[in-house]
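The values are calculated or read from the model by the stated rules, or taken from the named source; none is laboratory data. Bear in mind the structure is a predicted one, so any value in this text is a computation, not a measurement. Positions of Cβ are backbone-derived with ideal geometry, glycine not excepted, and every protein chain shown enters the neighbour counts. These area figures cover heavy atoms from the full protein model, side chains too; ligands, DNA and RNA do not enter into them. Shrake-Rupley method; radii C 1.70, N 1.55, O 1.52, S 1.80 Å.
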Amino acid sequence: MMKQKHILPMMVLAMLLLLLQTGITGCAGHRQPAAEPVKRAMVDVEPYTGHDARAIESEIKRLEATLASDKKKASDHNRAATLLNLAMLHSHRSNPAPDYARAMECMKAYAGLKSCVDTDYVMALLETLSQSDEATEGAKCDRLTENYKKLKADYKHLQKTNRQHLEIIEKLKNLDLQIEERREQIK
């Protein structure tokens, strides 16, 4: 159970790192037009390795504030780097309260910055991640259905046991009344 909780965050982080690598080196076989090179946003993962939860939380707050205040002022490149960093931090393994939905939002916004991103690749990555999330939800639904069936069987068994106990109690009450009647007859 513990391993299953960590699979999705690790998958998100791995996909984001793969995205970062592809953003830096480009897809194999995919060439940008030579006329105008694309300036890609890059995320520096190194500052977040080994950091404690407070450092990650404070960095998320700082980046969110930067993103909110610089909506119109920041260049697409700076905005892309901020969004990518936020996505990485929201899904970071050391984050005490990971927010994968917010990480996906940041990645979608990052994909929307066409001048800094290989949009097709990012959209394919987001689709893969959402399918992974749906598969996880499907597995969770299967487990819940299984648990429901088990609880229903337990409930039926407990109902039967309860009826048997009620019958025994009723018989004991009748026996108690009979004993009282005989005592009064003896007196």
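For every residue, the table says whether it meets (1) modelled with pLDDT of 80 or more; (2) surrounded by 12 or more Cβ atoms within 10 Å (Cβ to Cβ).
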residue: Leu18; (1), (2): no, yes
residue: Thr22; (1), (2): no, yes
residue: Ala35; (1), (2): no, no
residue: Lys39; (1), (2): no, yes
residue: Ala55; (1), (2): yes, yes
residue: Lys72; (1), (2): no, no
residue: Ala87; (1), (2): yes, yes
residue: His90; (1), (2): yes, yes
residue: Ala97; (1), (2): yes, no
So, first residue over 13 Å from Ala111 (Cα atoms) in segment 74-94, second residue among the aromatic types (Phe, Trp, Tyr) and surrounded by fewer than 22 Cβ atoms within 10 Å (Cβ to Cβ), Cβ within less than 8 Å, six or more apart or across chains; the pairs are Met88/Tyr48; Leu89/Tyr48; His90/Tyr100; Ser91/Tyr100; His92/Tyr48; Ser94/Tyr48
Of those in segment 85-111 that are not acidic (Asp, Glu) and not in a helix (DSSP H, G or I), the residue farthest from the chain's Cα centre (by Cα) is Ser94
Scanning segment 143-187 residue by residue, those of a type in the set (Asp, Glu) and open to solvent by 100 Å² or more (accessible area, probe 1.4 Å) turn out to be Glu146, Glu167, Glu181, Glu184
